[in-house]
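Here the structure is laid out as C-alpha cells; the discussion comes afterwards.
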Amino acid sequence: MRRDVATLVLASALYGFSIGCVHSTRFGLHNVLKFPLLFLITGAACAVAYFLWALLIGGARFRFVDVQRLAMRLYRDAAVLLAALAPANWFLARTIVPPDATSLQDYPLFLGVNICFIAVAGGLALFRQVHALAQYHPWPLSRRVITVGGWLALSLMVGGQAAWTLRPFFGVRSIPGAETRFFLGSSPDYRGSTNFYEAVYNVVAAAPLAADYTRHGRGWD
Amino acid sequence: MTNQPIELEANSRDEEAQPFSRQELRGMLGAPLRMVDLVLGERRRFAANVAQEHRLPTLLVVLTVATAAFALPFGAVLGPQGFWRIAALLLGSLAICIPSLHVFGRYLGIGLSWAQTLAVSLAAAAVTSLFTFALAPILGFFRVTMSASDVVTPQNMAVMLLICAFAAGIGQLFFVALGNRALARRIGPAAIPVIIPWLVLYVIITVRLAGVLHIGS
C-alpha cells in the first residue's frame, strides 16, 4: 500500500507539473504539491463509502484495508497513465497560443485535450481494476463493474469539489501568477461560480462573459 | 503497475449459513463497527436469523441501535443542534410505514411475522444509516469548501447524499428479501407486488417527514 501511495504521489505530481506549465513554471511547481493532494483528499473523504459500497454490492466479507488498497490502485493506475502523457502535455502547454485580453485562444483546446487524457486514463484504470477484481473474488462481471463504477462515481463527486477548492491547476496565462492565491477555495471564478457543481451548471447554461473577465479568478475578489 | 493478489475472505456458497448467536449480537452493542458485518458483510447469516426467527428480539434491538447511532454524524454535520434529525427521519418513517408493509404483505400471501418484517425493513434502514455515516465526511468536506451559492448549496448536496444513502438501503431491502433462498421462499411470489408500491409510500412519507424535521431546508 505504501508503494502504491508513493507511486501515486510521484506520478500525479509529474502530471500536475505538466498542466501547470500552461500558465507558468510557478503554477507547475504549485501543482507538484496540489495534484497529489487532490487524489489524497478524495481518497480520504471517500474511504468509508468505498468500503460500504463494496460490501453492499459484493456481499462478501471485505476487510477495510483491502478495499482501500483496491481503490488506491485505481488512482495509482490513472496517475501513472497520466504521468506517461506528461511530456506531451508539457510540450502542448508551452506551445499553445496563450490567452489575451480579447480571446482565450488555444487555452480551451488545451483544457479539452486534458479532459480527454483524464477520461482515457481513468477509463483504462477502471477497466483494469474491474479485470483485477476477478482475480481476488469470483464475482460476476456485472458486480465488479458496479463496484468499481460506484467508486469512480464517488471519486468524481468528491474529487470535482476538491479540485475546485485546490484550483488553479491550469490558470489562464493572462492572470499574473504572483497575484493569484495558492488555493482559490470558494472564491468566484470568472463566471461567478463558487463551487464545482455551480461551475458545471454555468458551463451547461453558459452566460456571456463579462467584459473584464480576465480581472477575476485570482482569489481576491 | 502490478496488481498483487489480495486475499479476501469470501463467503463460501457451499457452507450452510449459521445464524448469529445471542452472544455475537450482544457483542455488537459493545463494538458498533461489527454491526457492518451484521447488515452488509454476513447477509446470508442475517437472512438465516430472520428465516429461522433465531434471536429476533436481540437482532431488532441491535438494528435499531445501529440505525440510530450511525445516523448521528450526518445529522451533526448538517447542524450540531439537530444531530438527532436523521436518526429520527429513518426510524420515524419506518415506524409510520411498517404496518402497511406487514398487513398488505400478509394479505397478499407473504409468510413473514411482524418481527421478521420489522427485521428485514430495519436492515434496510440500518444500511441507509451506515451510508449516511460513510457520507458524513463528504458532506463535511462540502460544507467546508462551498460558500453560499444561489445554484448549488451544501444543503442541496446533503439532500443528494441522503438520496444516495436511501438508495443503498432500498437496494439492501431487495438483497435481503429476494437474495436469500430460504427467506425468498417464505416471502413467496408476492414480494415485488408488495415491496414496489410500499416503497412509493415509504418515499412519500420520508420526504414529508424530512420537511417536518426541516432537513434540507
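Observations on the model:
- D_trans [Stokes-Einstein, Kirkwood Rh over alpha-carbon pairs] for the stretch A:69-141, 37 °C, 0.692 mPa s, µm² s⁻¹: 231 µm²/s
- FRET efficiency, 1/(1 + (r/R0)^6) with R0 41 Å, evaluated for A:ALA205 and A:ARG63 via beta carbons: 0.35
- Across chain B, Cα pairs under 8 Å and at least six residues apart give a relative contact order of 24 percent.
- Rounded tilt (10° steps) of B:114-145 against the dominant C-alpha axis of chain B: 30 degrees
- Ranking of A:THR7, B:THR67 by neighbouring Cβ atoms within 10 Å, starting from the fewest: A:THR7, B:THR67.
- A Cβ-based charge dipole, computed about the Cα centre of the stretch A:34-99 with Lys and Arg at +1 and Asp and Glu at -1, lands at about 120 debye.
- The slack between B:MET160 and B:LEU178, meaning 0.36 nm per residue of separation minus the straight C-alpha distance, is 3.8 nm.
- Cα Rg over Rh - the stretch A:1-146, Kirkwood: 1.06
- Counted charge near A:ALA199, where neighbours are those whose Cβ lies closer than 10 Å (Asp, Glu -1; Lys, Arg +1): 0
- Residues A:VAL22, A:VAL9, sorted so that the one with the fewest Cβ neighbours within 10 Å comes first: A:VAL9, A:VAL22
- Residue-span extension gain [B:GLU53 to B:PHE83] - 0.36 nm each, minus C-alpha spacing: 7.4 nm
- Residues whose amide H comes within less than 5 Å of that of B:ILE110, counting only those at least five positions distant or on another chain, are absent (H built at 1.01 Å from N in the peptide plane).
- Assigned charges on the beta-carbon of Lys, Arg, Asp, Glu; the stretch B:80-216 dipole about Cα centre (debye): 380 debye
- Per-peptide average of other Cβ atoms within 10 Å, ordering B:187-196, A:78-87, B:37-46 highest first: B:37-46, A:78-87, B:187-196
- Alpha carbon Rg of the stretch B:62-116, scaled by the compact-globule rule 2.2 N^0.38 Å: 1.45
- Cα-based Kirkwood hydrodynamic radius, the protein assembly as shown, one decimal, Å: 23.7 Å
- Extension gain (nm, one decimal) between A:GLU179 and A:ILE118, 0.36 nm per residue minus Cα-Cα: 19.1 nm
- For B:VAL103 and A:VAL145, a Förster radius of 45 Å and the Cβ-Cβ distance give a FRET efficiency of 0.70, rounded to the nearest 0.05.
Readers should treat all values here as calculations from the given coordinates under stated rules, not as data from a laboratory. Nothing here was measured: the structure is a model prediction, and the numbers come from that model. Reconstructed Cβ throughout: ideal geometry from the backbone, glycine too, with neighbour counts over all protein chains shown.
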